[in-house]
């Protein structure tokens, strides 16, 4: 099966992109900010990276118009966004929330302090939604990846040559139900299920570390299922604001799934991002594991 043509990488448009079409990409770590910027350019818009110090990758950010901002520099961000004529913004990339006491606030942020404190008093979804409200009050429209870079969103169906077995599909359904059940507690967006047995649920450690834990448990003999059994499943929380923090997979996810001895990856179709889609599919085919986008209610 050939990779889906929408996942064949395209070169950025060579024609000049008007500055009036600028979009602010507030970016943390990982490869997804770069994938979003490339997709934005393919759609004829100009990305401006607002890289969070200590988190964003300089090699990715440096390819585009960019500014470095520290957490708490709200005034600097708004000034620069206006200067770049950004009317929309997107929040993307990994960022571990620091203790509030460690954030050095500028005067703009100090004025917003009561609302920032309230936003911090909850899970990640509450925090991101609170930040979005503050940004939108300064005439920035907050958008999601599906609005500006739909070609990196995983579609429904198989993404490579290999398909899940009947047992794999049962594991996928169980994991999706588990993620949905835990959603109100604002826990992670991933779980590993093998032979109807829950091996792990993602928490603060993130997906990569969760998979490393599965690999360690297998080496210790704590996981008794055979190699190439079990599925990594990723999906957003049921009431999550889908503009932020969508689940993500990339080539490293495939490598970690193989190292953990799993059979494949299943993600929520239409609500999961994929960094470097062509390489994800190629890596999965080389490793003989499946990657599938599953629509809600169609896991079995």
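For the reader, a short list of remarks on this structure follows.
- Taken over region 132-168, the criterion of being under 19 Å from residue 24 (Cα atoms), assigned to a strand (DSSP E or B) and touching a helix residue (DSSP H, G or I) at 6+ places or on another chain (Cβ under 8 Å) is satisfied by 142 alone.
To keep it simple, each residue is scored yes or no on (1) touching a helix residue (DSSP H, G or I) at 6+ places or on another chain (Cβ under 9 Å); (2) modelled with pLDDT under 95; (3) more than 20 Å from residue 200 (Cβ to Cβ); (4) surrounded by fewer than 17 Cβ atoms within 10 Å (Cβ to Cβ).
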| position | (1), (2), (3), (4) |
| --- | --- |
| 222 | yes, yes, no, yes |
| 227 | yes, yes, no, yes |
| 231 | yes, no, no, no |
| 237 | yes, yes, no, no |
| 243 | yes, yes, yes, no |
| 246 | yes, yes, yes, no |
| 254 | yes, no, no, no |
| 268 | yes, no, no, no |
| 280 | yes, no, yes, no |
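- Complete set of residues in region 246-284 that are assigned to a loop (DSSP other than H, G, I, E, B) and touching a strand residue (DSSP E or B) at 6+ places or on another chain (Cβ under 8 Å): 246, 247, 250, 260, 262, 263, 269, 270, 271, 272, 275
- Residue match in region 210-232 (condition: free of Cβ contacts under 8 Å to residues at least 60 places away in the same chain, within 23 Å of residue 93 (Cα to Cα) and part of a loop (DSSP other than H, G, I, E, B)): no
- Close pairs from region 180-204: first at negative phi, partner part of a strand (DSSP E or B) and surrounded by fewer than 15 Cβ atoms within 10 Å (Cβ to Cβ), Cβ under 8 Å, at least 6 apart: 191/198; 192/198
The values are calculated or read from the model by the stated rules, or taken from the named source; none is laboratory data. Just so we're clear, the structure is a prediction, and the values are computed from it rather than from any experiment. Positions of Cβ are generated from backbone atoms using ideal geometry, with glycine treated the same way; all protein chains shown enter the neighbour counts.
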